[in-house]
Amino acid sequence: MSKNRGRAVVIAVASVVIVLGLVFAVTVRGGQSRETQWLSSEQPARTTPNTPSFSTAAPAPTTRRTLTVDSGCHPGQGPAALDPVADATTRRVGAAWDRIERWLKAKAPASAASLRPPATTAEVIETQKMIGVALPAELVASLLRHDGATGRGDGFTLPPFYAPVSTANIATEAKTLCEALVSIGVDESVGSWWHGKFVPFAADGSGNTLFLDQRTGTARLGASDHEGGVDFARWPGSLTELLEQTATALETGGAVVGGYRPVVTENRALEWDFRR
């Protein structure tokens with residue numbers, strides 16, 4: 001499934017909520033009308049024959065739910081400069097990518113070829129400004145190594161099926177999810193379904209993403225399910241840890257993220273297989 005279709009699914013979540021509200025209101029009014037007709041067949045109305053009756057009642061208003069809490073979505077208001085990335089962070093992220101790249105080139109060259117060249121510092125800053133929140137240092141270090149991966153198919157995915165996205169698509173994903181969150185208009189969805197300070201960095205093409213939580217600046221790693229909510233429990237604590245655990249799973253054939261193991265397809269591409 002394409003990323004565009006994934007984004008359409010996300011937007012559809014909000015649309016469905018609104019449409020269901022409208023359908024419910026129409027159904028209620030229609031049901032009341034049928035009930036009145038049924039009662040009149042059992043108990044004829046005591047009115048003069050052929051005397052028309054008119055209702056002056058105003059139709060029930062249709063209102064759109066709006067948030068009463070801060071969604072955290074402030075597009076275009078992100079910092080115009082990057083925070084310095086510690087050398088230790090750059091080395092650790094780089095070492096994890098070294099291991100991943102080495103395995104991919106040897107075992108799954110089709111997936112290795114999907115890794116994009118580094119993003120420029122200007123591209124990273126522009127993305128940060130557009131989404132309205134500072135990018136975590138480890139994500140900056142990763143983007144300066146690979147600006148995501150191209151395509152789906154045989155492309156590289158973080159376990160089990162999340163393709164790293166480019167700086168441009170980070171901005172697009174964040175915008176789409178924030179628009180859906182605001183459109184839904186349910187306070188309880190803020191933080192449990194999405195939050196403007198979540199930074200998406202990988203997507204499965206179906207509207208689900210991996211993100212880094214910047215509400216407190218800790219960049220905790222979580223996953224967002226567009227049909228459910230956010231989940232932190234089954235994931236490593238950070239992007240760096242996910243990269244390191246991915247590298248270890250590739251090198252050893254071991255399990256990661258609750259039981260996914262690497263396999264190589266006939267096209268010499270990486271896939272993740274769940275084995276109990």
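Under the √(5λ) rule applied to the eigenvalues of the Cα gyration tensor, what semi-axes describe the equivalent ellipsoid of region 174-247? Give them in Å, descending.
22, 13, 10
Quick one: net charge around ARG220, please, counting Lys, Arg +1 and Asp, Glu -1 for every other residue with C-beta under 15 Å from its C-beta.
-1
In cubic angstrom, how much convex hull volume per residue do the alpha carbon atoms of region 208-264 span?
About 89 Å³ per residue, rounded to a whole number.
Whose amide H sits under 5 Å from the amide H of ALA202, counting only residues 5 or more places off or on another chain, with H placed in the peptide plane?
Placed amide hydrogens put VAL165, LEU210 under 5 Å from ALA202.
Determine by what factor the alpha-carbon radius of gyration of region 68-133 differs from 2.2 N^0.38 Å, reporting the quotient.
For region 68-133, the normalised Cα radius of gyration is 1.54.
Enumerate the calculated ³J(HN,Hα) couplings along region 215-226 in order (Karplus 6.51 cos²θ - 1.76 cosθ + 1.60, θ = phi - 60°), each rounded to whole Hz, writing x wherever the residue is Gly or Pro.
Calculated HN-Hα couplings, in order: 4, 10, x, 8, 6, 5, 8, x, 10, 10, 9, 5 Hz.
Using 7 Å Cα-to-Cβ label points, what is the LEU82/ASP225 separation (nm, one decimal)?
Modelled inter-label distance: 3.5 nm.
Over region 218-276, give the accessible area per residue in Å² for a 1.4 Å probe, as an integer.
50 Å²
I want to check the label-to-label distance for THR252 and ALA113. Put each point 7 Å from Cα in the C-beta direction and report it in nm to one decimal.
Taking the two extended label points, one gets 3.2 nm.
Once Rh for region 112-181 is found with the Kirkwood sum over Cα pairs, what is the Stokes-Einstein diffusion coefficient at 10 °C and 1.306 mPa s, in µm²/s?
127 µm²/s
Bin width 10 Å, origin at 0, all Cα-Cα pairs of region 144-213: what percent of pairs per bin?
Reading the bins upward from 0: 20, 50, 24, 6.
Hand me the GluC sites (Glu not before Pro) from region 109-172 located in a DSSP loop with no more than 14 other Cβ atoms within 10 Å, in residue order please.
Hits after loop and neighbour filter: nothing returned.
Taking all pairs of different Cα atoms in region 99-232, averaging 1/r and flipping that mean, what Kirkwood radius in angstroms comes out?
Its Kirkwood hydrodynamic radius stands at 15.2 Å.
In region 92-229, carbon and sulfur make up what percent of the accessible area (probe 1.4 Å)?
Answer for region 92-229 is 53 percent, counting heavy atoms of protein chains only.
Kindly work out what percent of the DSSP beta bridges joining two residues of region 157-276 are antiparallel, to the nearest 5.
Around 95 percent of the beta bridges assigned by DSSP in region 157-276 are antiparallel ones.
The values are calculated or read from the model by the stated rules, or taken from the named source; none is laboratory data. None of these values were measured; they are calculated from a predicted model. Neighbour counts are summed over all protein chains in view; Cβ atoms, including those assigned to glycine, are modelled from backbone coordinates with ideal geometry. Side chains are part of the model used for accessible areas, which takes the heavy atoms of the whole protein and leaves out ligands, DNA and RNA. Shrake-Rupley method; radii C 1.70, N 1.55, O 1.52, S 1.80 Å.
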